[in-house]
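The values are calculated or read from the model by the stated rules, or taken from the named source; none is laboratory data. Given the structure is predicted, the values throughout are model-derived calculations rather than measurements. When we count neighbours, we look across all protein chains shown, and the Cβ atoms used for this are built from the backbone with ideal geometry, even at glycine.
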Amino acid sequence: MQVGRYQILETLGTGAHSRVVRGFDPLIDRPVAIKLLSPELARGEARSRFLREARVVGKLSHPFVITLHDMGIEESTSTPYLVMELVEGQSLEKILTTGSVPFPTACNWAAQVAAALHAAHKRSIIHGDIKPANILITTESRTKLTDFGMARLASHDTGDTSLLGTPAYWCPEQIMGRPQDLRSDIFSLGVVLYEMLTGISPFAGESLQKVCNHVLSSIPLPVTRLNPSIPTAVDDVLSACLAKDPKQRFQAADVLAEKLYPLARRKAAEQTPAPAAEQSLRNRAARFLRSA
């Protein structure tokens, strides 16, 4: 099978609106990743978001942001596709299925994502969907921020758009229908960092309403209570990420990165909890969330 000049070799992943395939560019003789919009969504808002992603990613050049090589329209179905660098590795979402991430690694990955966000924010671009599924980890342990399909200009956000994305990573202003800004991405990255350090979400709930209530009113249990080997400075960083009021958060992603990189160079007393300790950590966090 082929789209444009690109050969399609195998499917790498499938989402609600698109699928990503491994492809090959015979003209340049290199492997690529191709994101194909579902043909039934080739018109309307889904198509607009897909094309907006191309315009956004095409403006960004950063080592921690996925590189866009090309885009095109598949002639037989008029379906757009994006051609991106092929990242050898796996998503952070898949990594987290086995539990928490060692403390220095978690801080390093979060710092890299913060640096990527800073590059976007300098262009007034809000990513809008920071979550583990949209963070790829390469075989060299470097991050690649992907999926800018929900990205928009901060100056154009009015807060009247429908709720999109994954509830556990929504920020309070998104739930309340208020305008989002660059600090909204910082909140979502804080949720991801908390999850990397503990193996659980700080705002987990059994229903959408409970998740939203946790995001709006619950204060997550400090990660040092769940894992005493983590330096207390991490609690301060997370508090500044997860503040309900955007004015109380880090005001820029590069400031967050500057806080995280020194922590990434420190050693936790136990970098990887034993299986029993990992399960105990999960149990304590679950009890806290049930009581919240």
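Odds and ends about this structure:
- Here is the figure for region 67-91: residues that are among the polar types (S, T, N, Q), in a loop (DSSP other than H, G, I, E, B) and in contact with a Lys or Arg (Cβ under 9 Å, 6 or more places away or on another chain) total 2.
- Meets criteria (charged (D, E, K, R), farther than 30 Å from Met196 by Cα and outside the structural domain of Asp147 (by TED's automatic domain parsing)) for Arg43: yes
- Members of region 92-133 that are of a type in the set (Lys, Arg) and either touching a helix residue (DSSP H, G or I) at 6+ places or on another chain (Cβ under 6 Å) or part of a loop (DSSP other than H, G, I, E, B) (or both): Lys122, Arg123, Lys131
- Among the residues making up region 202-227, those that are surrounded by fewer than 22 Cβ atoms within 10 Å (Cβ to Cβ) and touching a His at 6+ places or on another chain (Cβ under 9 Å) are Ala204, Gly205.
- Residues within region 120-152 that are free of Cβ contacts under 8 Å to residues at least 60 places away in the same chain and more than 15 Å from the chain's Cα centre (by Cα), tallied: 5
- Of the strands (runs of 3 or more DSSP E) lying entirely inside region 1-66, not one is found with 1 or more residues being farther than 23 Å from Gln90 by Cα and within 17 Å of the chain's Cα centre (by Cα).
- When we screen Gly23, Gly15 for residues that are out of contact with any helix residue (DSSP H, G or I) (no Cβ under 7 Å at 6 or more places or on another chain) and more than 19 Å from Thr138 (Cβ to Cβ), the only hit is Gly15.
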